[in-house]
Amino acid sequence: MAGSGTFAEIIGGDVFNYYSDGQWNKSSSGKFVPIINPTSRKIHFKVQACTQEEVNKAIESAKVAQKLWAKTPLWKRAELLHKAAAILKEHKAPIAECLVKEIAKPAKDAVTEVVRSGDLVSYCAEEGVRFLGEGKFLVSDSFPGNERTKYCLTSKIPLGVVLAIPPFNYPVNLAVSKIAPALISGNSIVLKPPTQGAVAALHMVHCFHLAGFPKGLISCVTGKGSEIGDFLTMHPDVSCISFTGGDTGIAISKKSAMIPLQMELGGKDACIVLEDADLDLVAANIVKGGFSYSGQRCTAVKVALVMKSVADTLVKKINDKVIKLTVGPPEDDCDITPVVTESSANFIEELVMDAKKKGATFCQEYKREGNLIWPLLMDNVRPDMRIAREEPFGPVLPVIRINSVEEGILHCNASNFGLQGCVFTKDINKAILVSDAMETGTVQINSAPARGPDHFPFQGLKESGIGSQGITNSINMMTKVKTTIINLPTPSYTMG
Ligand code: G3H
């Protein structure tokens with residue numbers, strides 16, 4: 001059970017403590033932030049509402065700890081990360097239980113998230129040893145006008161304090177995807193978890209605590225964004241921000257100082273289906289891609305753009321699968337579970353009602369109980385409907401029938417987002433042409449969009465983000481290049 005056994009020290013009374021300076025602390029604010037269970041819609045957990053002063057102290061400790069950590073041999077940093085990964089996997093059950101209660105993630109997917117996170121941490125340790133263990137050597141006489149009198153040694157050095165802000169849908173995995181690259185690179189980390197998912201994140205941080213990282217190196221501060229959000233992101237001692245979430249990221253990028261930013265801000269991932277596509281494969285991918293975790297993934301299929309000639313057949317095949325999806329509580333490992341908050345459910349409903357009013361064909365009756373929305377396939381959607389352009393983050397999927405592949409590409413590129421997209425065809429030449437034409441960070445050929453495997457580059461264009469993620473790219477982004485130049489005597493003084 002959350003907060004019991006190994007994790008007992010992270011809770012005081014009925015409020016989970018925040019983590020700073022190697023200790024689990026109560027906030028002096030005397031206030032807490034409630035975490036509402038999306039299924040019961042009742043308060044399930046409480047976390048400390050940290051003050052700005054407490055956040056400041058966490059950043060100060062992180063700054064001090066980082067100086068020593070940067071001097072800790074790379075192999076030792078890797079060793080500690082491997083240890084944390086093992087502890088994390090050992091504690092997959094209680095952490096997964098938090099994910100079920102806080103964000104209504106289906107039970108099996110919750111366990112997968114924790115295991116995937118352990119694997120990510122280990123891979124990051126290994127990749128860091130290789131990637132950071134190498135530098136570059138340049139000689140001056142390769143540039144016109146120079147003699148061979150300068151040797152340039154290039155290495156990668158840490159940035160300082162990295163601020164990690166993960167989203168509610170992967171509070172563990174998208175936290176470690178920021179924490180592990182930061183730590184292996186010699187940075188310290190301050191984590192601000194999402195409200196829904198904060199307790200899972202605190203449990204995950206406790207695994208790093210148990211692994212024995214130096215005190216102050218890792219902090220996890222909880223609280224209201226309105227109180228500590230800007231304070232964190234505008235803090236002069238934060239040297240890098242890695243954020244995943246909604247359009248708050250745009251505001252952060254405008255307010256932050258001149259520091260490296262890594263941002264992933266959502267998508268309207270399009271699936272373009274050509275006439276020669278394997279329709280069984282398409283249907284399976286659209287249902288998995290569109291409805292897993294109830295569509296609450298930035299990489300979910302969010303609009304299917306289907307050639308008219310195959311649309312009837314494909315919609316039927318998709319619908320045959322949609323009606324088989326199980327709907328209910330995450331504890332029962334249902335496919336479709338309640339969406340994270342009431343306001344999310346209300347937003348999804350707004351988009352659905354707009355489509356209904358404008359004449360979309362509903363393949364099912366729209367049904368909602370509390371935060372639980374039954375899966376809905378909408379056919380004959382037109383570009384003027386909000387659901388065609390906006391990101392519902394819910395279990396509702398619009399199908400737009402297209403007359404040409406160009407029409408599909410045009411719709412995809414009209415979006416302000418540009419995260420991922422996919423194209424289904426048996427013709428690899430067409431697939432490559434479509435991929436080149438789609439303005440997205442990644443195009444999947446014959447598969448639904450997805451971030452993983454976690455060492456693949458992951459990036460969005462336009463309002464979908466800044467920078468590229470994936471283990472190697474994150475390590476690279478969380479370091480700076482440092483050069484040392486050895487100046488030799490001029491050639492007239494050289495021997496021989
Ligand atoms: O929600 C955003 C995540 O980066 C998507 O990750 O493709 O593994 O579900 P995923």
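Under the criterion of Cα pairs below 8 Å and six or more residues apart, the relative contact order for segment 1-110 equals 25 percent.
Ordering 66-74, 171-179, 130-138, 289-297 by mean Cβ neighbour count within 10 Å, with the highest value first, yields 171-179, 289-297, 66-74, 130-138. Selection among Cys220, Val443, Ser344 by position relative to the dipole of the chain gives Cys220 as farthest towards the positive end (Cβ unit charges, Cα centre).
Cβ-Cβ distance of Lys31 and Asp230, R₀ of 22 Å, FRET efficiency by 1/(1 + (r/R0)^6): the value works out to about 0.75. Summing Cβ point charges (Lys, Arg +1; Asp, Glu -1) relative to the Cα centre of the chain gives a dipole of roughly 900 debye. Placing pseudo-labels 7 Å out from each Cα toward the beta carbon at Leu153 and Asp14 gives an inter-label distance of 6.0 nm. Calculated FRET efficiency, Glu60 to Tyr366, Cβ-Cβ distance, R0 = 56 Å: about 0.60 to the nearest 0.05. Assuming charge only on the beta carbon of Lys and Arg (+1) and of Asp and Glu (-1), the dipole of segment 1-74 about its Cα centre is about 180 debye to the nearest 20. Of the trypsin sites (Lys or Arg not before Pro) found in segment 335-427, those that fall in a DSSP loop while having at most 13 other beta-carbon atoms within 10 Å are Lys367, Lys426. Alpha carbon centre of segment 163-190 versus segment 1-31: separation in Å? Using only Cα atoms to place each centre, the spacing works out to 20 Å. Mean residue ellipticity, 222 nm, helices only, the chain: the sum of -39500 (n - 2.57) across DSSP H runs of n ≥ 4, divided by residue count and rounded to 500, is -12500 deg cm²/dmol. State the answer as a single residue: which of Thr313, Tyr151, Phe458 lies farthest towards the positive end of the charge dipole of the chain, with beta carbon charges of +1 for Lys and Arg and -1 for Asp and Glu, about the Cα centre. With unit charges placed on the Cβ atoms, the residue in question is Tyr151. Take the Cβ atoms of Asn146 and Trp75, set R0 to 35 Å, and the FRET efficiency comes out at 0.45. Counting only lysines at least 8 places from Lys321 when in the same chain, those with an alpha carbon closer than 19 Å to its own are Lys288, Lys302, Lys367. In terms of packing, defined here as the mean over residues of other Cβ atoms within 10 angstrom, the peptides 233-241, 9-17 line up highest first as 233-241, 9-17. Could you list which residues have their amide H under 5 Å from that of Arg451, counting only those 5 or more apart in sequence or on another chain, with H placed in the peptide plane? Here the answer is none, since no amide H 5 or more places off falls under 5 Å of that of Arg451. Considering only beta bridges that DSSP places wholly inside the chain, some 50 percent are antiparallel. Among the DSSP helices (H) of the chain, those spanning at least 18 angstrom by Cα along their long axis with an average Kyte-Doolittle hydropathy of 1.0 or more are 198-211; this is a geometric and hydropathy rule only.
The accessible surface of segment 55-201, taken with every protein chain in place and a 1.4 Å probe, is 58 percent carbon and sulfur. Close amide H partners of Gln469, meaning residues 5 or more places away or on another chain with modelled amide H under 5 Å apart, are Phe458, Gln459. When each of the peptides 28-37, 212-221, 56-65 is scored by how many other beta carbons lie within 10 Å of its residues on average, the order from highest to lowest is 212-221, 56-65, 28-37.
Extension gain for Leu210-Leu325 works out to 37.4 nm (0.36 nm per residue, less the C-alpha to C-alpha distance). Across every direction, the projection of the convex hull enclosing the Cα atoms of the chain has a mean area of 26.4 nm².
A 1.4 Å probe run over the protein chains yields, for the chain, 42 Å² of accessible area per residue, whole-number rounding. Return the subset of Lys92/Lys324; Lys67/Lys215; Lys63/Lys192; Lys63/Lys178; Lys156/Lys192 for which the Cα-Cα distance in this structure is over 19 Å, preserving the input order. Correct reply: Lys92/Lys324; Lys156/Lys192.
Using the basic label-point model (7 angstrom from Cα toward the beta carbon), what is the Ile445 to Lys480 distance in nanometres? My value for the distance between the label points is 4.1 nm. Here the relative contact order of the chain, from alpha carbon pairs under 8 Å that lie six or more residues apart, stands at 18 percent.
Compared with the alpha-carbon gap, the fully stretched path from Lys136 to Thr490 is longer by 125.1 nm at 0.36 nm per residue.
One Cα centroid belongs to segment 146-160, the other to segment 428-491; the line between them spans 24 Å. Once the Cα-Cα distance is subtracted from the 0.36 nm per residue extended length, the Ser253 to Thr6 segment shows a gain of 85.1 nm. Distance between the pseudo-spin-label points of Thr313 and Asp276 (7 Å out from Cα toward the beta carbon): 1.4 nm. Across segment 292-303, rounded Karplus estimates of 3J(HN,Hα) from the backbone phi angles (6.51 cos²θ - 1.76 cosθ + 1.60, θ = phi - 60°) give 5, 6, 6, x, 8, 9, 5, 9, 5, 5, 10, 7 Hz, Gly and Pro being marked x.
The values are calculated or read from the model by the stated rules, or taken from the named source; none is laboratory data. Fair warning: this is a prediction, and the values are worked out from it, not measured in the lab. In this analysis, Cβ positions are derived from the backbone assuming ideal geometry, glycine residues included, and neighbour counts consider all displayed protein chains. Only protein heavy atoms, including side chains, enter the accessible area calculation; ligands, DNA and RNA are left aside. Shrake-Rupley method; radii C 1.70, N 1.55, O 1.52, S 1.80 Å.
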